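This report concerns only the one structure given below.
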Amino acid sequence: MDYKVIDKTSYKLHLIKTNKFKTMTIRICFRDEIKKDEITLRNFLASFMTYSTGTYKTKRDLILKTQDLYAASIYNRSYRSGRYSVFNFYLSLLDEKYTEKGMLNSSLELLSDVIFNPNFDEESSKEAYNYLMETATKKLKSVKENGNSYSVIRMLEEMDKDMPYGYRDIGYLEDLKDITIDRLKEYYKKVINSSLIDIYIIGNIDDSIEELIDKYFPFKTYKHNKVNQMINHDKLPKKSKTIKESDNNNQSKLSIGCKIDTLTEFERNYVLTLYNMILGSGSESKFFQIIREKNSLAYYVFSSLNKLDSLMIIRAGIAKENFDKTVKLVKDLMKEMEEGKFTEEDINVACENYISMLSEIEDNPDAIVETYLAKDLLNLGDIEERKEEIKKVTKEDIINISKKVKIDTIFLLEGDGQLEND
Amino acid sequence: MVNLKTINIKGLDQTLYYEKLDNGLEIYVVPNNNHDNYHIEVVTKYGSSIKEFIPINENNYLKLPLGVAHFLEHKMFDMKDYDAFEFYSKTGTYINAGTNYFYTKYYIDGKKGLKKNLAFLLDMVFTAYITEDKVNSEKGIIEEEIKMYDDEADWILDHESKKDLFYTTVNEKIAGTPESIQDINADILERTYDTFYQPSNMFIVATGKVNTKDIMDIIKNNQSLKHKKTNNEIKCKKVKEDLTVQKEYSLLEENIIVPKLSYSYKFDLDSMGKDRLITRLYLSLLFTHLFGETSKFNEKVLEDNLATGFYLDHIFFDNIYVFSLEAESEYADLFKDEVDNTLKNINISEEDFERVKKIWISIVIRGLDNKENLAYSVVDDLVRDNTIFDQIELINRLNYEEMQDIISKLDLTNKSFVLMVPKE
């Protein structure tokens, strides 16, 4: 795989040349500092832009066009990453050798239409606006329906509602009423003109691609100072707080948020990863072995890292009456990490899992692009380097980092345990 | 190993290799050297749809409590002297399994140690270590798994819909219920295992970065060390699914904000003059056209706000094919009427017909890049249709005249509607 990055001033163009896949993927990434009162608007804009354009005014027209391009697909995905909001448009198409000449050109032209020619005409965008308003309303009203994710949302809100990780990624119901076509238009201008823009292309590309990108994506952004994407915590909690809320689920959903102290690059990129794996990720982890297998307390129990937030989140689906027991076990197992109660074998296993995970990335074009993003953000080496660096992590490193992870907020979305009778 | 099939249209060069062992075990390998990792599945043609059968070496039918196939899947990971998860973690190899109505599969994903890892997988699946103690401790875990799903409204809707549509086969939950799994014990699991986990009832699929000869050698070597019974005919209680539905309408109340609905039509694949697989492809194509993203139906739903989202689904077995629409809608009745309306006024142009075919073929080609996806298609095609690697050929064979003929023979009598509303 050949990687080349070209600084085009208004944006960075990342070219990843490989002939491993039958498809080509283009990802255009807009990053900007997240503002709580813009989340709902931003999500709406992303969907709006992939629904209706100046040329393809209805969703049907847009889809018909992609179908003509041998089922090319155009989609959007927005998410928060540390202090930033990341707004993405993707184009995925089959290589011309499986379809016909001219498809790449036409597909890029279509993506260009989506990005540079949105439809803000009141009349012809009515369908898009109404439909998206309905779906957004419904989605925001139904946030409690998925107990697993709702529990995490609530826990983070209770942890720090004024920090970006305490914001709801899906947005807020009360913000919907303020979304008008005019506001969308203004916000669009801001996104197009002042975001940090990266374009990633992966596939069997040749040198002519740069010309095509110049032609179809004439970004002209103006620069201004951006905040640091990564969030560090001023202080770690001395004591944790526990909040319970009831819901009508069968099963209770437990979410525990832990804050992580300031780390070096090596600690964040490698030591922390192994710590998390040994403690709570995968079938060999302490959580899986003790909480699930030994005590039969949960079907799912695991920990995951938000490195840019300096957070670790633990989740489990349990029966209400097992709350105290489960929380105690979580605390005990975290203490075990601090006390070095894990073996060199555990470290090796976690290393192997990490290396495997990196290998899997190489079979997936989207995952490969994602690593290039992470590379820039976290100052990571390329995949081969990472496979070597991980082996340098020592037991002492892991013990030291364990002491930097502190439970901040324990949240239980309490179920009533009533099973519906069939 | 025999080169069973090659796809070489449009510059694709994908070959499927095949061999059948003396003990009946079949092996399918689709190598792709553009991948860095391998993916291997061991499959038994036994899923939750089999509820009653005569265990091997016995004479009477055994009726199973719900959830046995899935329970057995969990138990396969227990081994006498080894811990499967611990073994695979040493090389960072991913192992998992899944049970559906029709088959159970065990699979590994990895880069290193193919020989050892495959050999271990075979040992794991071809030996059963089942003790009453372990069975009892698994009950707690599976109970939590069931409860996790039971909290999801979409899952509840799907279950109710299947209960109303079907009398047999797919009408019950795959994992069972917290009550039914209490009736599962080591004896039942062993007798089920001995019957269905015979090599002649199983097969292996390998995709990704795999060396065909290596795979074959490992499997042959492993199997020759076993004294497995082979080619024993398995007697399952024959069930015939009625063409009618159990219940035409159900109303549920759950913790949701916007009402959800599931509306299904049930068809007889033997009533339209073609074989089941081809008929199914035509029906699938037709419904994609009639209810898909570019359909008139979709336009109407958007214009009149009949739903905030809907999707198509289908399920089939024997001569039965059910097409469903699931939607979230404040106007369930209007949505339902529009579905009926669409089915009473079917219109598909030759251009539309050919367009769907073109899209399907593109999707198949894309699927070849993903080793898990590819293995899934191979497994599913084998178990459900007893075909292999035929998709592109079959899609190309479909023609517009036959489509019109199928349309003329559609019987829209049998349907079922489930409405789920918010609790007061």
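The values are calculated or read from the model by the stated rules, or taken from the named source; none is laboratory data. Just so you know, these numbers come straight off a predicted model, no measurement behind them. Every residue, glycine among them, receives a Cβ derived from its backbone with ideal geometry; neighbour counts consider all protein chains shown. SASA here: full protein model, heavy atoms, side chains in, ligands and nucleic acids out. Shrake-Rupley method; radii C 1.70, N 1.55, O 1.52, S 1.80 Å.
If you build a Gaussian network model of chain B, linking Cα atoms that sit under 10 Å apart, which residue out of B:Thr308, B:Thr104, B:Thr279 swings the most?
Comparing B:Thr308, B:Thr104, B:Thr279 in a Gaussian network model of chain B, the most mobile one is B:Thr308.
For chain B, treating each Cα as an identical point scatterer without solvent, what Debye log10 I(q)/I(0) comes out at q = 0.07, 0.12 1/Å?
These q points yield log10 I(q)/I(0) values of -0.39, -1.15.
Using only the alpha-carbon atoms, how far is helix A:147-159 inclined from the longest principal axis of chain A? Give it as 0 to 90 degrees, nearest 10.
80
Placing unit charges on C-beta atoms (Lys and Arg positive, Asp and Glu negative, everything else neutral), compute the dipole magnitude of the protein assembly as shown about its Cα centre in debye, rounded to 20.
Charge dipole of the protein assembly as shown: 1540 debye, to the nearest 20.
Where in region A:31-58 does the amide nitrogen come within less than 14 Å of the point 7 Å from the Cα of A:Lys185, taken along Cα to Cβ?
Residues passing the 14 Å test: A:54.
From other protein chains only, count the Cβ atoms within 10 Å of every residue's Cβ in A:307-314, then give the mean.
For peptide A:307-314, the averaged partner shielding equals 0.
Taking beta carbons within 10 Å but only from partner chains, what does the mean come to for residues B:358-369?
5
What is the spin-label model distance, in nm, from A:Lys387 to A:Thr242 if the labels are put 7 Å beyond Cα along the C-beta direction?
Taking the two extended label points, one gets 4.6 nm.
If you average over every viewing direction, what projected area does the convex hull of the Cα atoms of the protein assembly as shown give, in nm²?
34.2
Label region A:234-290 by shape, choosing from rounded, prolate and oblate, from the square roots a ≥ b ≥ c of the eigenvalues of the Cα gyration tensor; if a/c is under 1.5 it is rounded, and otherwise prolate applies when a/b is larger than b/c, oblate when it is not. All intermediate terms of the calculation are to be shown ahead of the outcome.
Numbers: a/c = 3.15, a/b = 1.37, b/c = 2.30.
It is oblate, given that a/c is not under 1.5 and a/b is not larger than b/c.
Can you tell me what percent of all Cα-Cα pairs in region B:28-105 are more than 14 Å apart?
On the way: 2168 of 3003 pairs.
The calculated P(r) of region B:28-105 puts 72 percent of pairs beyond 14 Å.
Tell me, what is the FRET efficiency for A:Asn19 and A:Glu174 to the nearest 0.05, using R0 = 45 angstrom and their Cβ-Cβ distance as r?
After rounding to 0.05, the efficiency reads 0.35.
For chain A, find the longest principal axis of its Cα atoms and tell me its angle to the long axis of helix A:39-49, 0 to 90°, nearest 10.
It works out to around 40 degrees.
Round to the nearest 10 and report in Å² the accessible area of B:Trp360, as given by a 1.4 Å probe over the protein chains' heavy atoms.
Here the accessible area works out near 50 Å².
Give the interface area between chains A and B as buried accessible surface, both sides summed, probe 1.4 Å, in Å² to the nearest 100.
Chain pair A/B: roughly 5600 Å² of buried accessible area.
³J(HN,Hα) across region B:340-353 via Karplus (A = 6.51, B = -1.76, C = 1.60, θ = phi - 60°), whole Hz, x for Gly/Pro?
My calculation for region B:340-353 gives 4, 4, 4, 6, 7, 10, 6, 9, 9, 7, 5, 4, 4, 4 Hz in order.
If you take the alpha carbon radius of gyration of chain A and divide it by 2.2 N^0.38 Å, what ratio comes out, to two decimals?
1.07
Of A:Tyr131, A:Met155, A:Phe120, whose Cα points farthest to the positive end of the dipole of region A:82-217 (charges on the beta-carbon: +1 Lys, Arg; -1 Asp, Glu; origin at the Cα centre)?
Highest projection toward the positive end goes to A:Met155.
Carbon and sulfur atoms: what percent of the 1.4 Å accessible area of chain A do they account for?
46
In region A:308-374, which GluC sites (Glu not before Pro) are in a loop and have at most 12 other Cβ atoms within 10 Å, using DSSP for the loop call?
For GluC sites (Glu not before Pro) across region A:308-374 that sit outside H, G, I, E and B with at most 12 neighbouring Cβ atoms in 10 Å, the list reads A:Glu339.
If R₀ is 51 angstrom, what is the calculated FRET efficiency for the pair A:Phe266 and B:Asp337, using the beta carbon separation as r and rounding to 0.05?
0.20
What's the local net charge at B:Lys235, with K and R +1, D and E -1, over the other residues with C-beta under 11 Å away?
-1
In region B:151-189, which residues have a backbone nitrogen under 20 Å from the label point lying 7 Å from B:Asn100's Cα in the Cα-to-Cβ direction?
B:154-176, by backbone N distance to the label point.
How much of the pair distance distribution for region B:142-234 lies past 24 Å, counting alpha-carbon pairs only, in percent?
51
Taking Cα atoms, how many degrees apart are the long axis of helix B:276-291 and the longest axis of chain B, rounded to 10 and kept between 0 and 90?
50
Per the Cauchy relation, a quarter of the hull surface: what is the mean projected area of the convex hull of the alpha carbons in region B:1-40, in nm²?
The orientation-averaged projected area of the Cα hull of region B:1-40 comes to 3.5 nm².
For A:Asp206, what accessible surface area do you get with a 1.4 Å probe? Give it in Å², rounded to 10.
90
Compute a Gaussian network model of chain B, connecting alpha carbons closer than 10 Å, and tell me which residue from B:Ala206, B:Ala332, B:Ala84 fluctuates the most.
Looking only at B:Ala206, B:Ala332, B:Ala84, the largest GNM fluctuation is found for B:Ala84.
What does the extension gain come out to for A:Lys403 and A:Glu321, with contour length at 0.36 nm per residue minus their alpha carbon separation?
26.6 nm
Find the Rg to Rh ratio for region A:62-217, where Rh is the Kirkwood radius over alpha-carbon pairs and Rg uses the same atoms.
1.02
Running a GNM on chain B with Cα contacts under 10 Å, which residue among B:Gly110, B:Gly309, B:Gly67 ends up with the highest mean-square fluctuation?
Answer for the Gaussian network model of chain B: B:Gly309.
How many partner chain Cβ atoms sit within 10 Å of a residue's Cβ in peptide A:64-70, on average, as a whole number? Mind showing how you got there, number by number?
Values: counts 3, 1, 3, 8, 3, 1, 7.
For this peptide, the per-residue mean of nearby foreign Cβ atoms is 4.
Tell me, what does the Kirkwood hydrodynamic radius of region B:79-173 come to in angstroms if you use every pair of distinct C-alpha atoms?
For region B:79-173, inverting the mean 1/r across all distinct Cα pairs yields 16.2 Å.
Lys and Arg at +1, Asp and Glu at -1: add these up for the other residues within a Cβ distance under 11 Å of B:Ile130 and post the number.
After counting each charged neighbour, the total is -3.
Given a Förster distance of 30 Å, report the FRET efficiency between B:Ser224 and B:Asn3 from their Cβ-Cβ distance, rounded to the nearest 0.05.
Efficiency at R0 = 30 Å is approximately 0.80.
Go through region A:104-207 and name the GluC sites (Glu not before Pro) that are in a DSSP coil and have 11 or fewer other Cβ atoms within 10 Å of their Cβ.
A:Glu122, A:Glu123
Express the C-alpha Rg of region A:47-90 as a ratio against the empirical globular expectation 2.2 N^0.38 Å, rounded to two decimals.
Ratio of Cα Rg to 2.2 N^0.38 Å: 1.38.
With each pseudo-label sitting 7 Å past Cα toward Cβ, what's the B:Gln182-B:Glu351 distance in nm, one decimal?
Calculated label separation equals 6.3 nm.
Using Cα-only point scatterers and the Debye equation, what is log10 of I(q)/I(0) for region B:198-290 at each q in 0.17 Å⁻¹, rounded to two decimals?
Relative scattering, expressed as log10 I(q)/I(0), comes to -0.97.
Have a look at region A:84-99 and report residues whose accessible surface goes down by 40 Å² or more when the remaining protein chains are included, against the chain on its own, probe 1.4 Å, ligands and DNA/RNA excluded.
Buried on complex formation: A:Leu94, A:Tyr98.
Mind checking the dipole of chain A: about its Cα centre, +1 per Lys or Arg Cβ, -1 per Asp or Glu Cβ, Debye to the nearest 20?
The calculated dipole for chain A is roughly 1000 debye.
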